[in-house]
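In what follows, a structure is listed as C-alpha cells, so that the remarks can point back to it.
The values are calculated or read from the model by the stated rules, or taken from the named source; none is laboratory data. Here the structure is a predicted model, which is why all the values come from computation and not from measurement. Side chains included, ligands, DNA and RNA excluded: accessible areas come from the protein's heavy atoms. Shrake-Rupley method; radii C 1.70, N 1.55, O 1.52, S 1.80 Å.
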Amino acid sequence: MKIRSYILMLSLLFVSFTAFAQEQKMSDTEITAFKQSVNTVSKKIKSLSTDFIQYKHMDFLAKDIETSGKMFFKEPNLLQWQYKKPYNYSIVFKNGKILINDEGKKSAMDVGSSKIFAKLNKLIVGSVSGDMFDDKEFAITYFKTKDFNVTKLIPKDAALKKYIRQIELSFDKQDATVNQVRLMESAEDYTKIVFKNKILNAKIDDSAFTN
C-alpha cells in the first residue's frame, strides 16, 4: 500500500472537538498551570483503556461516517485500537511496528522505515497520554472552554503538514486527561473521536497487544 493510503488510514485514529464562541485564550499563568497538571497526570498513567466513538466528516458527504470500539494503551508505547462497529478492524503500535488486522487479513510495516510514520506514531501515542507539548515539533496555542482546556497544534514539519493541518486536544478540567482530539485534514474535512468510560492504570497484559 502506498504511503498516502497509510497516512489517510492513520489519520482516522484521531479525535475532534469544536469549541465555537465559548472558546477563550489562556493567560500565561493559566498555560503554565495547565501544562504542569497534564505533565503530572501523564507521568502517572501506566495504562489506559477506553471506549471510543469516531466521526469522520468529509465535505462531500451529507452525513458523518461513525465507527466505534475500544482503545488500549500501556506505557511506554504499546497502543491498540479495536474497531467493533460497523466492522471488525484493529491496529497495533508495538516495538516500532504497525500491525493491522482487517477482519482476518493481517499486514505489518516498520514505523522506522518512514520519517512520517515515526512522527505519526509519536503523535498518536502522545495524543493518548497527553504528552504533546513539544514546541520544536508544533506551533502550540492554548484555549479554555467551560468544560475543557484545549491545545491547538500546528505541525512545523512540512512533510507532516501535508497530511495534518492542525490537531486539537481537549483535556477534561477535572482529571487533566485527553477526552477528545481534533484532526483537521483540510479546511473542510476532519476526524472526531470521543473517549468514554476511561479506566486508568488497570492491569493490561502484553498479550492484549497482539494482532
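Annotations
- Couplings 3J(HN,Hα) for region 171-179, derived from phi with the Karplus relation 6.51 cos²θ - 1.76 cosθ + 1.60 (θ = phi - 60°), are 9, 5, 5, 7, 10, 6, 10, 6, 9 Hz, where x marks Gly and Pro.
- Where ILE167, ILE65 fall by accessible area, highest first, once all protein chains stay in place (1.4 Å): ILE65, ILE167
- Placed amide H near LYS192: partners under 5 Å, 5+ positions off or other chain: SER16, TYR55, LYS56, HIS57
- Cross-link partners of LYS192 among aspartates and glutamates (Cα-Cα below 13 Å; sequence separation of 8 or more within a chain): ASP64, GLU66, GLU168
- Pairs spanning more than 18 Å between alpha-carbon atoms, out of LYS43/LYS146; LYS46/LYS97; LYS56/LYS84; LYS173/LYS198: LYS43/LYS146; LYS46/LYS97.
- For region 152-205, carbon and sulfur atoms together expose 45% of the accessible surface, with a 1.4 angstrom probe and every protein chain in place.
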